[in-house]
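Asks: Can you keep this structure in mind? I'll have questions shortly.
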Amino acid sequence: MEKKINFLELYKFIRVSRVNNLEAIGFCPFHNDEKESFAFSIETGLWKCFAGCGQGNAIQLISRVYKVGEKDANDIFNTLLNPIQEDYLQYHATLLNSPVILNNLLKKRGWSKEIVLEYKIGYSDERFTIPVLYRDTLLNIRKYAIDGKKPKMLNVTGYGNAKLFPYNMLKEPELFLFEGESDCLLALSLGLPAITVTSGAGTWKKEWSQLLKGKKINICYDIDEAGKRGAEVIASQLLGHCEIKNIKLPITEPSNADFSDYILHYG
Ligand SMILES: [Zn+2]
């Protein structure tokens with residue numbers, strides 16, 4: 001059965017001032033609006049700015065408000081409809097209240113406490129947890145086994161579509177792109193503007209190339225075959241959109257060495 005959508009609830013990122021029948025009136029998120037220029041249908045989600053910012057459907061609105069492509073906007077739409085029922089802040093509190101686990105994690109991964117606090121890293125069921133937040137919308141929680149538990153990584157079931165992480169870095173003009181969250185959080189701890197893809201080495205969405213347009217991207221993937229292949233695929237996708245530098249880590253051991261191995265053992 002099709003769930004009836006209440007767009008007044010779904011568009012909680014729009015400041016609404018009044019509702020006439022099935023039409024909500026409020027302030028446009030795309031210009032400095034003091035005249036309540038924005039309207040949308042509570043039933044269909046179709047919207048319009050009367051000052052000229054445009055009009056469209058729900059996916060187009062989310063895409064513009066969240067500054068993402070349509071595939072990511074579609075995932076955000078689905079998540080707004082069916083929010084994740086897990087409390088990442090509870091996991092974060094658990095980690096902060098477990099000093100032995102926290103200190104081991106910081107030591108082993110090279111992360112700073114500030115980064116753990118900023119990105120609300122947590123702990124649950126023998127896994128460290130990384131919430132994937134876009135604005136204040138929780139899109140996934142990545143859950144990495146700490147001690148060899150299988151599987152190595154779990155997504156929230158049904159919310160595993162790859163995303164660029166962390167979202168707040170997407171505004172930076174230059175980025176270091178890593179193969180995984182652990183490397184990325186280490187680089188952020190070192191003060192580098194860093195992002196990663198929340199999935200394996202081979203994944204890239206076409207719309208992300210558009211999202212990163214005009215930036216300088218330093219690709220820093222693992223030294224194994226999967227990492228090299230992944231870096232090549234992404235470099236070819238970014239070609240024509242970004243200035244690309246493929247960083248080859250100057251190490252040969254271990255055979256699957258990554259940025260963390262480099263920094264923690266040779267840095
Ligand atoms: Zn407008």
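The values are calculated or read from the model by the stated rules, or taken from the named source; none is laboratory data. This one's a predicted model, so the numbers in the text were calculated from it and none came from an experiment. Counting neighbours? That spans all protein chains shown, and the Cβs are built from the backbone with ideal geometry, glycine included.
Asks: It is to be established whether one or more residues within region 68-76 are within 16 Å of the ligand (Cβ to nearest atom), within 23 Å of Glu9 (Cβ to Cβ), outside the structural domain of Leu185 (by TED's automatic domain parsing) and polar (S, T, N, Q). Outline the logic, then answer.
Replies: First pass over region 68-76, keeping only residues within 16 Å of the ligand (Cβ to nearest atom): none.
No, region 68-76 contains no residue that is within 16 Å of the ligand (Cβ to nearest atom), within 23 Å of Glu9 (Cβ to Cβ), outside the structural domain of Leu185 (by TED's automatic domain parsing) and polar (S, T, N, Q).
Asks: Still on this structure, please answer the following. Among the residues in region 17-29, are any under 27 Å from the mean Cα position of the chain (by Cα), within 16 Å of the ligand (Cβ to nearest atom) and in a strand (DSSP E or B)?
Replies: Narrowing region 17-29 to residues under 27 Å from the mean Cα position of the chain (by Cα): 27-29.
Restricting the remaining residues to those that are within 16 Å of the ligand (Cβ to nearest atom) gives 27-29.
Adding the requirement that they be in a strand (DSSP E or B) leaves 27.
Checked region 17-29: at least one residue is under 27 Å from the mean Cα position of the chain (by Cα), within 16 Å of the ligand (Cβ to nearest atom) and in a strand (DSSP E or B).
Asks: Is it fair to say Gly52 is among the small types (Gly, Ala, Ser) and either surrounded by 16 or more Cβ atoms within 10 Å (Cβ to Cβ) or away from the ligand (no atom under 15 Å from the Cβ) (or both)?
Replies: no
Asks: For Leu138, only one of the following conditions fails: (1) closer than 22 Å to Ser189 by Cβ; (2) part of a strand (DSSP E or B). What is its number?
Replies: Every condition holds for Leu138 apart from (1).
Asks: Quick one: how many residues across region 67-79 are surrounded by 19 or more Cβ atoms within 10 Å (Cβ to Cβ) and part of a helix (DSSP H, G or I)?
Replies: The number of residues fulfilling the criteria is 6.
Asks: Related question: Let me spell it out: the conditions are (1) under 30 Å from Ser209 (Cβ atoms); (2) in contact (Cβ under 8 Å) with a residue 12 or more places away in the chain; (3) in contact with a Lys or Arg (Cβ under 8 Å, 6 or more places away or on another chain); (4) not charged (D, E, K, R), and Tyr119 meets all of them except one. Which number is the exception?
Replies: That leaves (3) as the condition not met.
Asks: What number of residues in region 199-228 are in a loop (DSSP other than H, G, I, E, B) and within 20 Å of Gly240 (Cα to Cα)?
Replies: Qualifying residue count for the region: 8.
Asks: What number of residues in region 32-59 are touching a residue at least 24 places away in the same chain (Cβ under 8 Å) and of a type in the set (S, T, N, Q)?
Replies: The qualifying residues number 2.
Listed here are the residues, each with its yes/no results for (1) of a type in the set (Asp, Glu); (2) at pLDDT 95 or above; (3) out of contact with any helix residue (DSSP H, G or I) (no Cβ under 6 Å at 6 or more places or on another chain); (4) on the phi > 0 side of the Ramachandran plot.
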position	(1), (2), (3), (4)
Asn6	no, no, yes, no
Glu36	yes, yes, yes, yes
Ala39	no, yes, yes, no
Val100	no, yes, yes, no
Lys113	no, yes, yes, no
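Asks: Quickly run through region 171-198 and pick out the residues that are surrounded by fewer than 19 Cβ atoms within 10 Å (Cβ to Cβ) and either of a type outside the set (Lys, Arg) or part of a strand (DSSP E or B) (or both). Lay out the reasoning, then the answer.
Replies: Within region 171-198, the subset surrounded by fewer than 19 Cβ atoms within 10 Å (Cβ to Cβ) is 171-174, 190-193.
The answer is Glu172, Pro173, Glu174, Leu190, Gly191, Leu192, Pro193.
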